Amino acid sequence: MKKDIMTSKIKAVVLAAGKGTRLHSEKSDLPKVMREACGKPLLWYVLEALSFIEKDDIIIVVGYKKDSIVDRFSGYTYAVQSEQLGTGHAVMAAREELENHNGVMLLCYGDMPAIKRNIYEELLKTHFENKNDCTLLTSTSDLDMSFGRIVRDEDGDFVHVVEEKDCTPDELKITELNTGVYVFDTQKLLKALKKLKNNNSQGEYYITDAPAIMKSLGAKIGICFKNLGNDIIGVNTKEQLKIVEEMLKEE
């Protein structure tokens, strides 16, 4: 990434607290992000892609069997999500590490090993060049994945994200998917987090609600669309793990 784009200090938050129940077997009871693809933990690939950010500026949100992650990946900053109450709640767990940060924050996931460094850099570049307060990474995919849909207005501008489980039949037809990867102005995000509600089908706090909340508070929301296809897989099942392994072998 060009230095002139880096107009503010960057932190990254990597969500890695999940148990990954559907990936467990008699041989493995590891946190989801510690399941291996091609001999390396899923989280390893994500941290490699984020290596342009200083280690101590990368906050890994851990929970289930957190010591297995902390022991394997030293030098990073850690935050603990003791209960699994959704992605918004997971980011709230990192609040203490973010409250004095006046730059931007890249949010990504420890179970998405196929997103490459250049995509994270292009997302940040879009955010800075357009002077956004929040920029969402969106894509399409032929795979059946339960991603939220991006709702735009008649001018093509961002309106809000709807989680698949909360979609109307018409919203389910939307092909532009929310990958869950974002860049936020940290302080504006923290204000929005205070307004998150859990009045949805899961009873969870969704970080996907944050961009619309920020917009209602006057923030500028942008979108970075990339045709990523299967690269946006978040590994939740053994079948998805096999798909990711095949993709990584081809590199």
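The values are calculated or read from the model by the stated rules, or taken from the named source; none is laboratory data. All values derive from a computational prediction rather than experimental measurement. In this analysis, Cβ positions are derived from the backbone assuming ideal geometry, glycine residues included, and neighbour counts consider all displayed protein chains.
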- Query: From K131, K65, K116, K125, which residue is out of contact with any strand residue (DSSP E or B) (no Cβ under 6 Å at 6 or more places or on another chain), of a type in the set (D, E, K, R) and at pLDDT below 95?
  - Reply: K65
- Could you tell me whether any residue of the range 138-161 is in contact with a strand residue (DSSP E or B) (Cβ under 8 Å, 6 or more places away or on another chain), within 22 Å of A114 (Cα to Cα) and among the basic types (K, R)? yes
- From the set of residues in the range 60-108 that are among the aliphatic types (A, V, I, L, M) and surrounded by fewer than 19 Cβ atoms within 10 Å (Cβ to Cβ), which is farthest from the chain's Cα centre (by Cα)? V70
- Task: For L172, work out the one condition from (1) surrounded by 13 or more Cβ atoms within 10 Å (Cβ to Cβ); (2) at pLDDT below 95 it doesn't fulfil.
- Result: (1)
- Residue identified as at negative phi, hydroxyl-bearing (S, T, Y) and out of contact with any Ser or Thr (no Cβ under 8 Å at 6 or more places or on another chain) among T179, T168, T175, T208: T168
- Note on the structure: Here the residues within the range 196-210 that are in contact with an Asp or Glu (Cβ under 9 Å, 6 or more places away or on another chain) and over 12 Å from H89 (Cα atoms) are N200, S201, Q202
- Going by the conditions given, is R35 farther than 30 Å from A212 by Cβ, surrounded by fewer than 22 Cβ atoms within 10 Å (Cβ to Cβ), of a type outside the set (G, A, S) and modelled with pLDDT of 95 or more? no
- Message: Among the listed residues K220, K215, K226, identify the single one that is at pLDDT 95 or above, in contact with an Asp or Glu (Cβ under 6 Å, 6 or more places away or on another chain), basic (K, R) and surrounded by fewer than 20 Cβ atoms within 10 Å (Cβ to Cβ).
- Response: K220
- Query: All but one of (1) within 29 Å of R95 (Cβ to Cβ); (2) touching a Pro at 6+ places or on another chain (Cβ under 9 Å) hold for V244; which doesn't?
  - Reply: (1)
- Task: Assess whether D231 counts as being assigned to a helix (DSSP H, G or I) and within 27 Å of M34 (Cβ to Cβ).
- Result: yes
- What do you reckon, is T77 within 12 Å of V14 (Cα to Cα), touching a residue at least 12 places away in the same chain (Cβ under 8 Å) and not hydrophobic (A, V, I, L, M, F, W, C)? yes
- Note on the structure: Going through (1) within 19 Å of the chain's Cα centre (by Cα); (2) within 23 Å of A17 (Cβ to Cβ) one by one, K195 fails only at (1)
- When the range 122-148 is examined, which residues are found to be of a type in the set (V, I, T) and over 13 Å from L106 (Cα atoms)? T138, T140
- Task: Taking the residues in the range 10-26 that are loosely packed, with under 14 Cβ neighbours inside 10 Å and closer than 26 Å to Q81 by Cβ as candidates, determine which candidate is modelled with the lowest pLDDT.
- Result: S25
- Query: Going by the conditions given, is S68 in contact (Cβ under 8 Å) with a residue 60 or more places away in the chain and either over 21 Å from Q84 (Cα atoms) or not hydrophobic (A, V, I, L, M, F, W, C) (or both)?
  - Reply: no
